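The values are calculated or read from the model by the stated rules, or taken from the named source; none is laboratory data. Keep in mind that this is a model prediction, so the values were computed, not measured. Neighbour counts are summed over all protein chains in view; Cβ atoms, including those assigned to glycine, are modelled from backbone coordinates with ideal geometry.
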Amino acid sequence: MANITGQYSKKIQRKIAARMVVYIALLLTLITWAGQALLQLLGVTTAQLTAAGGLALMLAAVPMMIGKVEMEGDDHEPDQEDKGWQSIIVMPLIFPFSVGASTVAIVISTSSRYDTTLDLIAISFVCFLFALVVGITNYFSGPLNQRLSTQGRDIMSRVAGIILVAIAFGLLTRGITEIALESGIKFLQVLGN
């Protein structure tokens, strides 16, 4: 995240971190309470959601891995430094970097398994803690970015890109495997009838 938020002033970085906490907490709490019903309404399985999240993460991470992400340091024009920061909060900072389809699938499956009101309140609290950790991490990524040289930021971005591509590949293959298994089970059920 440092290569994305590090270009902004400390004031804007604090705003980004605070908004991420609020947005992620609200999003995951909504998913906790209504995610399963929404997926059923849309006809989407958690396997499909996992595969889509893997693909989205892959598309966002490959440019980081190959060094095609614009690396900005302290050489900004002051009037342009804080422009456009609202547009990066939802995508890519929240989705897919902080909350991907796999996180959504985990929250939905957990809330489906533990579905009492007390359980859902506990899951919502854990989602808030997750949002808080993401916000704190993002808050401190800016100062880290400012301490690194352009080459250091490039290396960090590429390493992060490699890790994210590996995670994305795992999500994508797991989602596709689960889709294939679900399809195979349905096919065998049809043959059995």
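Got a number for residues in region 113-138 being exposed (fewer than 14 other Cβ atoms within 10 Å of the Cβ) and touching a helix residue (DSSP H, G or I) at 6+ places or on another chain (Cβ under 6 Å)?
0
Tell me, yes or no, whether region 71-85 has at least one residue that is at pLDDT 75 or above and part of a helix (DSSP H, G or I).
Checking region 71-85: not a single residue is at pLDDT 75 or above and part of a helix (DSSP H, G or I).
Inspect region 133-142 for any residue being free of Cβ contacts under 8 Å to residues at least 24 places away in the same chain, of a type in the set (Gly, Ala, Ser) and assigned to a helix (DSSP H, G or I) and give the result as yes or no. Reasoning before the result, please.
So the first thing to find is which residues in region 133-142 are free of Cβ contacts under 8 Å to residues at least 24 places away in the same chain, and the list is 133, 140.
Filter once more, so that each one left must be of a type in the set (Gly, Ala, Ser): none.
The answer is no, given that none of the residues of region 133-142 is free of Cβ contacts under 8 Å to residues at least 24 places away in the same chain, of a type in the set (Gly, Ala, Ser) and assigned to a helix (DSSP H, G or I).
Going through LEU42, LEU49, LEU59 one at a time, which residue ends up being more than 25 Å from ILE12 (Cβ to Cβ), modelled with pLDDT of 90 or more and not acidic (Asp, Glu)?
LEU42
With respect to ILE123, determine if the residue is over 25 Å from VAL90 (Cβ atoms) and among the aliphatic types (A, V, I, L, M).
no
Within region 130-140, does at least one residue satisfy the condition of being more than 25 Å from ALA34 (Cα to Cα), modelled with pLDDT of 90 or more, of a type outside the set (Ser, Thr, Tyr) and in contact with a Gly (Cβ under 9 Å, 6 or more places away or on another chain)?
No: zero hits.
Note down all Cβ pairs under 7 Å where the first residue falls in region 101-118 and is more than 15 Å from LEU38 (Cα to Cα) and at pLDDT 90 or above, the second is of a type in the set (A, V, I, L, M) and in a helix (DSSP H, G or I), and they're at least six residues apart or on different chains.
TYR114/ILE123
Any idea which of (1) at pLDDT below 90; (2) more than 14 Å from the chain's Cα centre (by Cα); (3) surrounded by 13 or more Cβ atoms within 10 Å (Cβ to Cβ) is the one PRO92 doesn't satisfy?
It fails just one condition, (2).
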